[in-house]
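So the structure is just underneath, and the comments pick up after that.
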Amino acid sequence: MTLLDLGRIRLFCTTLGPAGAPPPLLLVHGWGGDGREWSPHAEALADAFHVLVPDLRGHGRSEVPDLGNTPQEMADDLAALIDTSDTGPVTAVGHSMGGQVVNLLAVRHPRHVRSVVILDPAHGAHGEEVEQIPDRRRAYDEQGARAAAAFVSGAFGPDAPPGLRTAHVRTMLGTPDHVIAQAYAGMYTDPGAIGVRPHSEAHLRRRSQPALTVWTSSEAAAWERGTLHVPGSRVEHWPHTGHYLHEERTERTIRLIRDWVTGENLG
């Protein structure tokens, strides 16, 4: 599977693992990234699961629309991808903006999602982070990927693998400026955006599937534990880890996903 014409968009997507192996996994990258960051996870998990790894619209090798590069549109794209792939309901795993996307997918298209695994998501913003949104929005509107790359360069822990920071800065710089700006606005400032805490809480109350969320912030983890309402859901806190925790702690992330899905099957 490579570039798929879904009618609404053409998405680049790769698959690994046995077709029909339940439940299929959907691994979703974040803002200014692409599916390559999931390569070791997909390879390891493909021994037991059918794994789909798309590039979101405007990112990587997928089509780059002039407009509509927002998490809501990306979620609807993934619903079309699941329909086209005929996989049945997926366990959707998302990092950062990808976490927003799979939460939106779960709420907007509940029959497509069995459960979600969310890693350091782009929701729950409050306090100083909210105060910084107007200036960040202005910077991304004016400078696009250059401003985003400067921001992302500070998002790594001291024990991040060599080259990881450079790889993400390079991928961010390769993302079209208008995609960077539209995606950020779609996360935090557009009508219906769910990135700011009160809007996040309202959205999470609508999610009906079990969810596993991992935060690098203890405060955010404690906040999100208070939103849980679906049996089997939980929140973990991984301290001393940068924002790209799935790549800084690759083996731990693989075990987390495998154990979550295995536990679902046993349940």
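Filtered by the rule that a residue be at pLDDT below 95 and not hydroxyl-bearing (Ser, Thr, Tyr), segment 84-114 gives Asp86, Gly88. Within segment 231-251, is there a residue that is modelled with pLDDT of 95 or more, among the small types (Gly, Ala, Ser) and over 19 Å from His29 (Cα atoms)? Scanning segment 231-251, I find at least one residue that is modelled with pLDDT of 95 or more, among the small types (Gly, Ala, Ser) and over 19 Å from His29 (Cα atoms), so the answer is yes. If I filter segment 154-176 for residues that are in contact with a Lys or Arg (Cβ under 8 Å, 6 or more places away or on another chain), over 25 Å from Ile257 (Cβ atoms) and aliphatic (A, V, I, L, M), do I get at least one hit? Scanning segment 154-176 turns up at least one residue that is in contact with a Lys or Arg (Cβ under 8 Å, 6 or more places away or on another chain), over 25 Å from Ile257 (Cβ atoms) and aliphatic (A, V, I, L, M).
Filtered by the rule that a residue be farther than 18 Å from Ala75 by Cα and over 19 Å from the mean Cα position of the chain (by Cα), segment 174-204 gives Asp177, His178, Pro198. Screening Glu37 with (1) assigned to a loop (DSSP other than H, G, I, E, B); (2) in contact with a Phe, Trp or Tyr (Cβ under 8 Å, 6 or more places away or on another chain) gives one miss only, at (1). Per the listing Gly157, Gly186, Gly174, Gly195, the residue uniquely touching a strand residue (DSSP E or B) at 6+ places or on another chain (Cβ under 6 Å) and among the small types (Gly, Ala, Ser) is Gly195.
From the set of residues in segment 54-63 that are touching a His at 6+ places or on another chain (Cβ under 9 Å) and surrounded by fewer than 24 Cβ atoms within 10 Å (Cβ to Cβ), which is nearest to Ala19 (Cα to Cα)?
The extreme case among them is Asp55.
The single residue among Leu104, Leu26, Leu56 that is among the hydrophobic types (A, V, I, L, M, F, W, C) and either at positive phi or touching a strand residue (DSSP E or B) at 6+ places or on another chain (Cβ under 6 Å) (or both) turns out to be Leu26.
None of Ala125, Ala145, Ala139 is open to solvent by less than 10 Å² (accessible area, probe 1.4 Å) and either closer than 21 Å to Gly68 by Cα or of a type in the set (Phe, Trp, Tyr) (or both) except Ala145. When the residues of segment 84-122 are narrowed to those that are over 15 Å from the mean Cα position of the chain (by Cα) and without any contact (Cβ under 8 Å) to a residue 60 or more places away in the chain, which ends up surrounded by the most Cβ atoms within 10 Å (Cβ to Cβ)? Across segment 84-122, the extreme among qualifying residues is His112. Output the residues belonging to segment 64-75 that are open to solvent by 30 Å² or more (accessible area, probe 1.4 Å) and more than 15 Å from Ala181 (Cβ to Cβ). Gln72 - this is the single residue of segment 64-75 that is open to solvent by 30 Å² or more (accessible area, probe 1.4 Å) and more than 15 Å from Ala181 (Cβ to Cβ). Within segment 40-72, work out how many residues are among the acidic types (Asp, Glu), more than 18 Å from the chain's Cα centre (by Cα) and under 24 Å from Pro161 (Cα atoms). Of the residues in that region, 1 qualify.
The values are calculated or read from the model by the stated rules, or taken from the named source; none is laboratory data. Treat the numbers as computed from the prediction; the structure is a model and nothing was measured. Note: ideal-geometry Cβ built from the backbone for every residue, glycine included; neighbour counts use all protein chains shown. Just the protein is used for accessible areas: all its heavy atoms, side chains included, with ligands, DNA and RNA removed. Shrake-Rupley method; radii C 1.70, N 1.55, O 1.52, S 1.80 Å.
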